[in-house]
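Asks: For reference, the structure I am asking about is given below.
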Amino acid sequence: MVGHAARAARGPQAKTLEKKPIIHSDPASGQKMYKDYCAACHGATGKGDGPAAEILKAPPQDLTLLAKRNNGKFPADHFLAVLHFGTEGHPHGTSDMPIWGPLFRAQNKDVAELRMSNLTSYVESIQQK
């Protein structure tokens, strides 16, 4: 299992995306899981400005605008579907964004749904009003 993190290459070379082992984060804390699994790309506040964002093929979404872009209602079902299956048009996800459902189930099948539910609740809590 791997996640992604950015690292600066030595000298004037461009940054690269480095795969790292997934941290076994506490499933009870959506905020902690966000920090461990999502912030490298989506940023500490969810605005899509994480340290890895500049080197991704496509810019990460500003997760704080999901409700605003969905007529003021947080799209929890869609968010969960992306965690489970990846983004639309990419049945296996992209090399930039892991499909978290299988990775979470591989860590601990019994708490995978709890992880995804708590992560969804946390992202809902950071929506711009």
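Asks: Residue pairs, Cβ under 9 Å, 6 or more apart or interchain, first in segment 63-87 and polar (S, T, N, Q), second part of a helix (DSSP H, G or I) and buried (at least 18 other Cβ atoms within 10 Å of the Cβ). List them.
Replies: Going by the 9 Å Cβ cut-off, the qualifying pairs are THR64/VAL123.
Asks: Here's a check for you: in segment 90-106, which residue that is over 15 Å from HIS78 (Cα atoms) and at pLDDT 75 or above is surrounded by the fewest Cβ atoms within 10 Å (Cβ to Cβ)?
Replies: The qualifying residue surrounded by the fewest Cβ atoms within 10 Å (Cβ to Cβ) is ALA106.
Asks: Just the residues that are on the phi > 0 side of the Ramachandran plot and either at pLDDT below 90 or loosely packed, with under 14 Cβ neighbours inside 10 Å (or both), please, taken from segment 2-49.
Replies: GLY11
Asks: May I pose another question? Go through the residues of segment 64-80 one by one and say whether even a single one is modelled with pLDDT of 90 or more, aromatic (Phe, Trp, Tyr) and in contact with an Asp or Glu (Cβ under 6 Å, 6 or more places away or on another chain).
Replies: Taking segment 64-80 as the starting set, the residues that turn out to be modelled with pLDDT of 90 or more are 64-80.
Now drop any that are not aromatic (Phe, Trp, Tyr), which leaves 74, 79.
The next check asks that each one be in contact with an Asp or Glu (Cβ under 6 Å, 6 or more places away or on another chain); those that pass are 74.
Yes, segment 64-80 contains a residue that is modelled with pLDDT of 90 or more, aromatic (Phe, Trp, Tyr) and in contact with an Asp or Glu (Cβ under 6 Å, 6 or more places away or on another chain).
Asks: Here's another thing I want to ask about it. (1) within 17 Å of SER25 (Cβ to Cβ); (2) crowded, with 16+ Cβ neighbours inside 10 Å: which one isn't true of PHE74, the others all being true?
Replies: Failed condition: (1).
Asks: Continuing with this model, one more query. Do we have THR87 as of a type in the set (Val, Ile, Thr) and modelled with pLDDT of 80 or more here?
Replies: Numbers: of a type in the set (Val, Ile, Thr): yes; modelled with pLDDT of 80 or more: no.
So THR87 fails the test.
The values are calculated or read from the model by the stated rules, or taken from the named source; none is laboratory data. Every value quoted in this text rests on a predicted model; they were computed, and no experiment measured them. Please note: Cβ atoms are built from the backbone with ideal geometry, for glycine as well, and neighbour counts cover all protein chains shown.
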